[in-house]
Amino acid sequence: MTGEVSSNQNTLDVSLSEYTPEITYGPGGIALSSVPLSSMDEFTISQVTVPVAQVSYKSPVVNLAIPSVQTTKKIICYDTETSGINPWESQLYVCSFWDISKPVNEIITFFGWEERKLTQEIADYLNEEKPDALLCYNNGFDQRFLLSRFMLYQIQVPGWCNIDQYDLMDILKKGTTKSIASSQSPGAEEQWLQFFFNESKPFTIDECFEGIRDGDLTKLIIRNRTCVESEGSIYLLFMYATQEGVELPGMEKPTAVNIEEAQTSNICAVKCLVCDAVNTVLCDSQGNACWRCMSIIPDPTEANRVKEVLRQFDITKVGLSTAKSS
């Protein structure tokens, strides 16, 4: 409809009728009205469901090493395992800590069925280490649970209120700028673990609780230590990406070249037979405990040394070739 309105008129009477465009779709969702008539006989016109494009994005990182980042603060990554989400109904079973300035095999885990004793050991650790900040994924839950136990058993942690509480979930959602508000979900910790490292947690929650019912905390401990490692590693990536002037002096999981250089310094990498975690040990050492499951790992030999321990990203799993992804 077109028309011209005179300068002294501000209304226009028109008559409208319903119009439905005639658009026919062919294979692949092609609008046949845009196809030249000469090629119309190439299509068999029938009822067609127009496909919706679906794109599944995966990290393009092929080899992702964890940077060693220096910080003026003493940041300890931690994670708790409990029987439920309400501190007044649930029990604390496991809690691991990792000072991210130290190697991952120095993760410390406290566990047990006697909650009062377990809480006291955790308090003793915090009182001795005096961290500047505690880091956890969904830290609001974990710090509330620990605080509830300190209060319940009247155990003193005098520096608790001076410890900065970092929530990795909050950081991944909106960085550290508190003025940013969003309705977007930060995602699950498992999704970030898969995205960055193409890894999954070793046991499901159901498998862990099956072990608890049998009186065994082993699976829960292994899962807990894996959570602490992944959370600390992700935070190190965040720090490296957002800080100026940081260096990358070493890798927690080195390449084969780094391993060859390390072996000249009497350092080896050996896999745990229980949980497959890679452990960095002295080549002539014996009786080493796995950092993840704390079981005794094999003594280093030429046959069982790991030749390549850098976290790998298998690009074939996402339907892309190296050429397409470059």
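Laboratory data are not the source of any read-out in this text; all were calculated from the coordinates shown. Only a predicted model underlies this, so the values are computations on that prediction, with no experimental measurement involved. Every residue, glycine among them, receives a Cβ derived from its backbone with ideal geometry; neighbour counts consider all protein chains shown.
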> Which value in nm describes the separation of the simple spin-label points at F195 and R305, placed 7 Å from the Cα toward the beta carbon?
Replying inline: 3.8 nm
> Got a sec? How would M239, M169 order by Cβ neighbour count within 10 Å, fewest to most?
Replying inline: M239, M169
> Could you give the length gained on full extension between K130 and N86, defined as 0.36 nm per residue of separation minus the Cα-Cα distance, in nm?
Replying inline: 13.1 nm
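Rank these for me by crowding, E210, E229, E189, going from fewest to most other beta carbons within 10 Å.
Details: E210 13, E229 25, E189 20.
Listed from fewest to most nearby Cβ atoms, that is E210, E189, E229.
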